[in-house]
1. Would it be correct to say that Pro208 is under 21 Å from Val157 (Cα atoms), at pLDDT 95 or above, touching a Ser or Thr at 6+ places or on another chain (Cβ under 8 Å) and not acidic (Asp, Glu)?
2. At pLDDT below 95, assigned by TED's automatic domain parsing to the domain that holds Thr289 and surrounded by fewer than 14 Cβ atoms within 10 Å (Cβ to Cβ): which single residue out of Ala364, Ala315, Ala352 fits that description?
3. Applying the selection to the stretch 151-166, what residues are touching an Asp or Glu at 6+ places or on another chain (Cβ under 8 Å), outside any loop (DSSP other than H, G, I, E, B) and open to solvent by 20 Å² or more (accessible area, probe 1.4 Å)?
4. Condition test on Ile197, is it touching a residue at least 24 places away in the same chain (Cβ under 8 Å) and within 16 Å of the ligand (Cβ to nearest atom)?
5. State the number of residues belonging to the stretch 180-210 that are farther than 21 Å from Thr130 by Cβ, open to solvent by less than 10 Å² (accessible area, probe 1.4 Å) and hydrophobic (A, V, I, L, M, F, W, C).
6. Just wondering, is there one or more residues in the stretch 333-343 that are touching a strand residue (DSSP E or B) at 6+ places or on another chain (Cβ under 6 Å), more than 13 Å from the ligand (Cβ to nearest atom) and not in a loop (DSSP other than H, G, I, E, B)?
7. Does the stretch 167-179 hold any residues that are open to solvent by less than 20 Å² (accessible area, probe 1.4 Å) and among the hydrophobic types (A, V, I, L, M, F, W, C), and which are they?
8. Restricting the first residue to the stretch 424-447 and requiring it to be under 15 Å from Phe85 (Cα atoms), which pairs with a second residue that is among the hydroxyl-bearing types (Ser, Thr, Tyr) meet a Cβ separation below 7 Å and a spacing of at least six or different chains?
Amino acid sequence: MLDPPMASADVSNPLQVAIVGSGPGGFYAAEALLRRRPDARVDMFDRLPTPFGLVRGGVAPDHPKIKQVCLVYEKIARSPNFAFFGNVKIGRDLTIGELRSAYHVIILACGASADRRLGIAGEDLAGSHTATEFVGWYNGQPDYRDRVFDFSTDRAVIIGQGNVAGDVARILATPVDDLRRTDIAEHALAALEHSRIRDIYVIGRRGPGQIKFTPVELKELGQVRNCAAIVAAQDLELGSVCQAEIADQRSDEAKKNVDVLRGFAAAASCGKDGGGSSGRRIWFRFLETPLRIAGPGRVESVTLAKNRMEGPPFAQVAVATSQTLDLRCGLLFRSVGYKGVAISGVNFDERAGIIPNRKGRCMAGEEPIPGLYVTGWIKRGPSGVIGTNRADSVETVEAIVEDLGAMRPAPKAGAAGLRDALGAAGMRAVSYAEWQKIDVAERSRGQPRGKPREKFTAVAEMIGALDAVVTPAA
Ligand code: NAP
């Protein structure tokens, strides 16, 4: 909800704002800015011709309700003081320096597009993938559409126990007929149709009380048709420190998660086996850390160390014991979190994978960099759900409002000042109205298949669809 309605201020000297990135962080920053500074003109840039970041390219196709948040973003985009410049990559097509000369304020909202690495032998063997590749592939994200996954194996292993691991497990486990009417990319449906995967192991380095799934997402893993979620009852016998954590009011989610896992264990002991030999199984395993991924030429197994937990409540870490085991698998996904990527011309904290900032103000050492701000995952790291970005962006916008105070900065040209750069050879910026045409084309492509949309999976296809739209003669 946008309240109060955003005013279109009649100003000759608007506050020119550029937002880099059109995911939730970017849109919530636009929303807050347009409300707090009716004199603001917001130009949003994205490297893809399509907006909405991970809501389009990350949220699983069988989670259409989560994608409805785009209706909120569409409303923000309807403001007369908002413009979208898709297919423009900052750092390649335009520099931060060029943006700084055209805008009073720049908000970097470019997310965390790289993956944390395990740093173990065999990580890059064929058959070992990041969850990001798989998620991008089934969502038709142009960077990942050409990836190839070998589903001829019967066993997949997923390292990590967060919501992304949950998405990967669920898509691998779900009968393909249950995905047909989602917006999953057609190439993914075609490949998953022939999947021979039966057993999916979801491996955590800590215990059941420390998993990162949100309870709703965890519960869903027990509701996949023809699939059993399996937890060994003895894994749920918690030590005293874990019990203290669960009993603490702060760990409501952890308590709910353990209850869900207890439900899985009880169902398994009653003989729910996922529908017999044709069914699939998701196995939850705890206190196991991958030591190496092995196989001549491609993944054949992963060696895991058995861990024990050490440390006080809420600060327990996994410590490897000398006990190890080999788990055979033909496909492995590393789902151990994302990492931000540096932007040329902006300080970057390589270790944390974020842009150093204080409440959204980008910092150079102890000094804030005037006019440069940050929000979303590139500000705080890859945590929280979509809605978390709203409060995060409001905090950044409050910092902007505070820094500007009653100041009337000297006029800047905004997008008009970038006309030459945007019109350069090879550049093809996509406006919001053009994205809406892509949107309409995707929805009509999906219709014959009963899908909400069939995404274009290459930038050239998107631009081709635009250029194919014949404008009626006046
Ligand atoms: P995450 O929630 O941080 O989970 C990462 C998992 O990887 C944790 O289990 C972590 O264990 C494990 N891990 C990290 N480093 C490891 C290592 N070296 N070896 C073994 N395990 C390791 O990250 P995510 O799943 O990528 O999700 C990112 C964010 O997106 C989260 O906030 C998530 O909730 C959100 N998201 C939400 C949805 C949804 O709402 N439906 C869907 C997808 C993503 P430790 O706890 O021990 O570090």
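1. No, not satisfied.
2. Ala315
3. Arg155, Asn163
4. Numbers: touching a residue at least 24 places away in the same chain (Cβ under 8 Å): yes; within 16 Å of the ligand (Cβ to nearest atom): no.
So Ile197 does not fit the description; no.
5. 1
6. No, that holds for no residue.
7. Passing the criteria: Val168, Ala169, Ile171, Leu172, Ala173, Leu179.
8. Trp435/Thr50; Ile438/Thr50
The values are calculated or read from the model by the stated rules, or taken from the named source; none is laboratory data. These figures come from a predicted structure and were not determined experimentally. For neighbour counting, all protein chains shown are included, and Cβ atoms are generated from backbone atoms with ideal geometry for every residue, glycine included. Ligands, DNA and RNA are stripped out before the accessible areas are found, and what is left, the full protein with its side chains, is counted by its heavy atoms. Shrake-Rupley method; radii C 1.70, N 1.55, O 1.52, S 1.80 Å.
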